[in-house]
Amino acid sequence: MGGNAVDASGLSDASEFMNIAKDDVLAFPQMIHRDYPPTVIAAMTSVVKPFVCKSLEINNTVLRVFSHRLGLPEGSLEALHTRDQQSGSEARLIRVPAMPGKALADRPTIGAHSDFGSLSFLHNILGGLQVILPGETEWKYVKPIPAHTICNVGDALSIFSGGILKSAVHRVVPPPGAQAEHERWSLVFFTRLNNTQVLHALVKDSPIIAEAVKQYPEEKFNTGSTAAEWFSRRVKYRRLSNRVGPESWAASRGMEHDPGAK
Ligand SMILES: O=C(O)CCC(=O)C(=O)O
Ligand SMILES: [Fe+2]
């Protein structure tokens with residue numbers, strides 16, 4: 001609890017995370033990155049692995065559609081996210097305690113951010129997720145719909161597509177109204193690209209993307225970072241144990257379209 005900043009002032013979050021790496025799940029019973037508590041190990045084959053495999057399958061379907069619509073050669077985006085290469089892709093379970101009567105905007109339980117990777121699928125029952133749509137300045141609730149999942153585009157797809165796809169800024173606040181009486185759980189699958197992949201706009205592969213980047217400063221999509229570097233920078237500077245001041249928050253930022261948003 002309380003390990004990450006939610007804003008530039010260093011206010012701590014109020015969420016508990018359990019991250020389970022895709023590489024560990026697929027290699028199980030071998031562990032590539034880390035070990036897990038017995039409850040996770042016990043559910044690995046029956047629950048976690050089917051969830052991860054299904055999530056990867058759905059991700060590939062969406063990536064195939066995006067490749068096509070962005071004018072990229074078939075399979076381009078899927079090839080950057082292969083099952084067998086190491087990546088930061090992970091399943092995450094988030095628990096936020098009940099917070100009846102808490103002032104919403106003053107106390108985000110997860111601060112404003114864009115997701116680091118390519119696509120995120122969010123499964124939640126209670127409200128509390130809010131988004132600022134590109135070109136807008138107001139927070140809007142994203143209402144969970146039973147049997148549906150919420151899909152976020154992350155920084156990597158925003159960069160690859162030369163800004164055609166936008167990684168929307170979102171945050172989590174205590175659930176509205178009577179829902180605030182309940183503990184909030186969410187389950188997410190984050191698809192992130194192969195660790196060694198460099199993040200840049202795919203201008204050579206698509207005339208549509210080559211055209212799109214012309215409206216931005218040249219350096220905007222030339223990050224010079226591999227996926228692994230991009231990911232570890234963002235995680236590192238959000239950790240309160242690494243915080244030196246407001247500049248730490250600034251260093252944790254990605255492709256947010258409105259970095260001033262709280
Ligand atoms: O819990 C949620 O609804 C969103 C979580 C989230 O944005 C994240 O973990 O990146
Ligand atoms: Fe997120």
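Rounding to the nearest 20 debye, state how big the charge dipole of segment 118-248 is about its Cα centre with +1 on each Lys and Arg Cβ and -1 on each Asp and Glu Cβ.
So the dipole magnitude of segment 118-248 works out to roughly 280 debye.
With each label point set 7 Å from Cα along the Cα-Cβ vector, what nm distance links residue 85 and residue 182?
The modelled label-to-label distance comes out at 4.1 nm.
List the residues, sorted by chain then number, that are 5 or more residues from residue 225 or on another chain and whose placed amide H is less than 5 Å from its amide H.
199
Taking 0.36 nm per residue of sequence separation and subtracting the Cα-Cα distance, how much length would be gained by fully extending the chain between residue 210 and residue 141, in nm to one decimal?
21.4 nm
What is the Cα coordinate range of segment 107-168 on the first, second and third principal axes, sorted by size from largest, in whole angstrom?
34, 27, 18
So if each residue of separation counts as 0.36 nm, and I subtract the Cα-Cα distance between residue 34 and residue 148, what length gain in nm does that give?
So the extension gain works out to 37.9 nm.
Which shape class applies to segment 16-253: rounded if a/c is under 1.5, otherwise prolate when a/b exceeds b/c and oblate if not, where a ≥ b ≥ c are the square roots of the Cα gyration tensor eigenvalues?
It comes out oblate by the Cα gyration axes.
For segment 16-253, what is the number of Lys pairs with C-alpha distance below 28 angstrom, counting only pairs 8 or more positions apart or on separate chains?
Number of lysine pairs found: 21.
Stretched out fully, how many nm does the piece from residue 218 to residue 241 gain, at 0.36 nm a residue minus the Cα gap?
Taking residue 218 through residue 241 to full extension adds about 4.8 nm, to one decimal.
Using alpha carbon centroids, what distance separates segment 171-188 and segment 33-59, in Å?
Measuring centre to centre over Cα atoms gives 24 Å.
Once you put a point 7 Å from the Cα of residue 58 and another 7 Å from the Cα of residue 42, both along the Cβ direction, what distance in nm separates them?
For residue 58 paired with residue 42, the spin-label model returns 2.6 nm.
Readers should treat all values here as calculations from the given coordinates under stated rules, not as data from a laboratory. None of the values given here were measured: they were computed from a predicted structure. Here the Cβ is made from the backbone with ideal geometry for all residues, glycine too, and neighbour counts use every protein chain on show.
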